[in-house]
Amino acid sequence: METYTLTTAGADLVYDVRGPLPTADGRPPLFLIGHPMDASGFVALAGRFQDRTVVTYDPRGLGRSTRADARVDYTPETLADDVHAVITKLGAGPVEMFASSGGAVTALALVARHPGDVTTLVAQEPQLITLTPDGPAAVRARAGVRDAYEKRGWGAGMAAFVAMTSWEGEFTDAYFAQPAPDPAALGMPTEDDGSRDDPLLSDRSWAVSDHRPDVDAIAAAPTRVVIAVGEESRAVQTGRTSDAAAELLGQRATVFPSHHGGFLDGEFGYPGKPDEFAARLREVLDAS
């Protein structure tokens, strides 16, 4: 693996290239992206594609990448332009891409803004919360996570986030009537370290989850777009946003093994099924 830094007007973007460029097999490089997950979250998945040239990167302001734009918020458009800059720097595009969560939102914006960058995009569980029928309630639930974080710190915010993302079905009055979850019961810290800059729990990434894809631009692009959903996610918010995004694009979500982090070995908590997940990703990519 070789690591590089690309300096742009707004950020220093650190990216990793596993394998040769030009690629040994003649296939496009496989680009893996997330948000707010950085490149460290794709180690397990990249390790299961050792026959491919794989590229990962840290979004601006996350992991090893820094930002010089004097901002703390994240927008899909800016993040998409960053990914475009890395692909251009590689000189090996268009690429194949697997994008997860907020990274899937970034990738949909990338296809709309830079239609020549990606041949096949597998967008896994894009967090587009306003697309679901209960969008206003989902926005309210998201605000509840932010409020818990602002008032009581990371543990309380993360406990609220777990409660939100594990809730099955629409966000009803029953959801909002629940008592605040106990961080200690979930093995999370109860003390407040005073920080309020977490991109997941604060409002810094709300523009990502508020994004509405440019359907016409995506349809006009030559990119084959596949919306993916974990088999264990179907009833919870990430599954419902996946179905809504797929419907918006005129397709049905393609089912993958496991859950939202199904490609993880367990290094960040609840393990997925990375072997089965990688095999399914190969199958979907090869279908192109």
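The angle between the Cα long axis of helix 237-248 and the longest principal axis of the Cα atoms of the chain comes to about 50 degrees, rounded to the nearest 10. Taking all Cα pairs closer than 8 Å and separated by 6 or more residues, the relative contact order of the range 1-40 comes to 29 percent. Considering only His35, His114, His260, the mean-square fluctuation computed in a Gaussian network model of the chain, springs between alpha carbons under 10 angstrom, is largest for His114. When the surface is traced with a 1.4 Å probe over the full set of protein chains, Ile87 keeps roughly 10 Å² accessible.
Taking all Cα pairs closer than 8 Å and separated by 6 or more residues, the relative contact order of the range 9-63 comes to 52 percent. The heavy atoms of Asp134 offer some 10 square angstrom of accessible surface to a 1.4 angstrom probe. Kirkwood analysis of the Cα pair distances in the range 122-248 returns a hydrodynamic radius of 15.6 Å.
Just to confirm the number: angle between the C-alpha axis of helix 102-113 and the first principal axis of the chain, 0 to 90 degrees, nearest 10? Taking the Cα atoms of the chain, the angle to 102-113 is about 50 degrees. Among the GluC sites (Glu not before Pro) found in the range 144-245, those both in a DSSP coil and sparsely packed, with 10 or fewer other Cβ atoms within 10 Å of their Cβ, are Glu191. Among Asp58, Asp173, Asp81, determine the one that fluctuates most according to a GNM of the chain built with springs between C-alpha atoms less than 10 Å apart. Checking each option, the largest mean-square fluctuation is seen for Asp173.
Please give me the summed charge of the neighbours of Pro59: other residues whose Cβ is under 9 Å from its Cβ, Lys and Arg +1, Asp and Glu -1.
-2
Spatial offset of the range 134-205 relative to the range 19-45 amounts to 31 Å, using the alpha carbon center of each. Helix 76-90 and the longest principal axis of the C-alpha atoms of the chain enclose an angle of approximately 30°.
Here is the result for the range 92-145: no trypsin sites (Lys or Arg not before Pro) lie in DSSP coil with at most 11 other C-beta atoms within 10 angstrom of their C-beta.
Seen from Thr8, the other residues with C-beta closer than 10 Å to its C-beta sum to a net charge of -1, counting Lys and Arg as +1 and Asp and Glu as -1. For the chain, set up a Gaussian network in which alpha carbons nearer than 10 Å are linked by springs, and say which option among Ala244, Ala159, Ala174 fluctuates the most. Result: Ala174 has the largest fluctuation of those listed. Our summary gives the range 57-211 a relative contact order of 24 percent, counting only alpha carbon pairs under 8 angstrom and 6 or more residues apart. Electrostatic tally near Val236: other residues with Cβ closer than 10 Å to its Cβ, Lys and Arg +1, Asp and Glu -1, net -1.
The values are calculated or read from the model by the stated rules, or taken from the named source; none is laboratory data. For clarity, every value in this text was computed on a predicted model and none was experimentally measured. Counting neighbours? That spans all protein chains shown, and the Cβs are built from the backbone with ideal geometry, glycine included. Only protein heavy atoms, including side chains, enter the accessible area calculation; ligands, DNA and RNA are left aside. Shrake-Rupley method; radii C 1.70, N 1.55, O 1.52, S 1.80 Å.
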